[in-house]
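Structure first, then comments.
The values are calculated or read from the model by the stated rules, or taken from the named source; none is laboratory data. If you're wondering where the values come from, they're calculated on a predicted model, not measured in any experiment. Cβ placement follows ideal geometry from the backbone for every residue including glycine, while neighbour counts extend to all protein chains displayed. With ligands, DNA and RNA removed, areas are computed over all heavy atoms of the protein, side chains included. Shrake-Rupley method; radii C 1.70, N 1.55, O 1.52, S 1.80 Å.
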Amino acid sequence: MFPAKLALSALKRIHHGACYRCLSTCFVQKEGIKAGDGPHSDSRVWKRKPKNQSAIWSSIRLLETQQNGRRPFSLSAATIVNSAPVHVQPYLRLMRLDKPIGTWLLYLPCTWSIALAANPGCFPDLGMLTLFGTGALLMRGAGCTINDMWDKDFDKKVSRTASRPIASGEISQMQALVFLGGQLSLALGVLLCLNYYSIALGAASLSLVITYPLMKRFTYWPQFVLGLTFNWGALLGWSAIKGSCDWSVCLPLYFSGVMWTLVYDTIYAHQDKEDDIKVGVKSTALRFQEQTKPWLSGFAVAMMSGLVIAGVNAEQTLPYYAVLTGVALHLTHQIYTLDINKTEDCWKKFVSNRNLGLLLFLGIVAGNLWKE
């Protein structure tokens, strides 16, 4: 026990010293650190971090577990990942299990569609919501794995991505490929629980999942392609309940989701614009620059228009339109108060979109319960 305590103390001193040097570098370079929890990335900072920092933390956690006999309890996603076996953690980080905001943004359009398809006066199908939640977790993880496989060489050039499991060498390309196959196999199992129409529709989205990570190399509109990918559930949720799509409802809902993604991911991209220029990738943030707010306002108006059309065609009721007013106010506040040159503010506005999506879901449920 005594040697273990000495080793733990030494590792902590090493880590604290490394952290001090890292923070000193940040202070000198005046680089801001942001919380990196976007749909497809973590925080980006152009600085050098100790290459063995992850290993040091893993060793500290392992020794603390051996010494104390247990890990502290927490429901935080990052803590849960850090509490997993050390050899499993790189795979959990590869699928961004410690960063759940991307899963939420993928899942929420599914919930809207499922809720809109519910019978009048009824709650949405809880089993289907659970099934789609599982599918969103798996497909978001698969998308992140594909992204990191494509971008391995880019990731090595930036400190926030250099620590990713593939770029850092914790996971080889072959191991990542096998892991991707496992994720897609499980996602296929989820998809096969649906009707034949939905199976075909879900399979059609795979081309978007595979090609999206490449778009930032060729176009300033990768956020649009992300929108097409992340909002596929707006089509799939309805068909899973009804057996096919009612395009008068599903297409306006899908369109609204794509516009929503253009809003939140453009805001997110403003955090990374300086690094994107250095690495040589494109984004709507670089395309819009100081004209970002007028563009976002246009996307917000288009989103709200689509939601109104979807509501009318789905015969929604007063609570739905009352909540749409709240959604519109939320978007207005996001855009009006946004400081595109302040990383912390961009991050705050970005993550608030989970609450916006949940609010819309509750509005759809309330509007459906209001029906006779």
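Step through the residues of segment 285-292 one at a time and calculate ³J(HN,Hα) from phi using the Karplus curve (6.51 cos²θ - 1.76 cosθ + 1.60, θ = phi - 60°), rounding each to whole Hz and writing x for Gly and Pro.
Calculated HN-Hα couplings, in order: 4, 6, 6, 8, 6, 6, 9, 4 Hz.
Give a residue-ordered list of calculated ³J(HN,Hα) values for segment 84-95 (Karplus: 6.51 cos²θ - 1.76 cosθ + 1.60, θ = phi - 60°; whole Hz; x for Gly, Pro).
6, x, 4, 6, 8, 4, x, 6, 5, 6, 4, 8
When ligands, DNA and RNA are left out and all protein chains stay put, how many square angstrom of accessible area per residue does segment 185-330 have with a 1.4 Å probe?
I get 41 Å² per residue for this part.
List the residues whose amide H sits under 5 Å from the amide H of TYR220, counting only those 5 or more places along or on another chain, with H placed 1.01 Å from N in the peptide plane.
none
Distance cut-off 30 Å, Cα to Cα: go down the list LYS278/LYS348; LYS242/LYS371; LYS99/LYS157; LYS293/LYS371 and report the pairs above it.
In this structure, LYS293/LYS371 exceed 30 Å between Cα atoms.
Multiplying the sequence separation of SER297 and ALA328 by 0.36 nm and subtracting their Cα-Cα distance, what value in nm do you get?
10.1 nm
In nm, to one decimal, how far is the modelled label at ALA162 from the one at ASN119, with both set 7 Å along Cα→Cβ?
6.0 nm
Add +1 for every Lys or Arg and -1 for every Asp or Glu among the other residues with Cβ under 15 Å from the Cβ of ALA300, and state the total.
+1
So for the pair THR130, THR79, with labels modelled 7 Å out along Cα→Cβ, what separation do we get in nm?
Using points 7 Å along Cα→Cβ, the separation is 2.6 nm.
Tell me the carbon and sulfur percent of the accessible area for segment 296-361, rounded to whole percent, probe radius 1.4 Å.
Carbon plus sulfur share of accessible area: 65 percent.
Looking at the square roots a ≥ b ≥ c of the eigenvalues of the Cα gyration tensor of segment 192-258, which shape do they give, rounded for a/c under 1.5, prolate if a/b is larger than b/c, or oblate?
In terms of gyration-tensor shape, oblate.
Residue by residue through segment 321-338, what is 3J(HN,Hα) from phi via Karplus (6.51 cos²θ - 1.76 cosθ + 1.60, θ = phi - 60°)? Round to whole Hz and write x for glycine and proline.
6, 5, 5, 4, 4, x, 4, 4, 5, 4, 5, 4, 5, 3, 6, 5, 8, 5
If I model a spin label at GLU315 and LYS273 as a point 7 Å from the Cα along the Cα→Cβ vector, what separation in nanometres do I get?
Modelled inter-label distance: 4.7 nm.
With every protein chain left in place, what is the accessible area of ARG287 in Å² (1.4 Å probe, nearest 10)?
110 Å²
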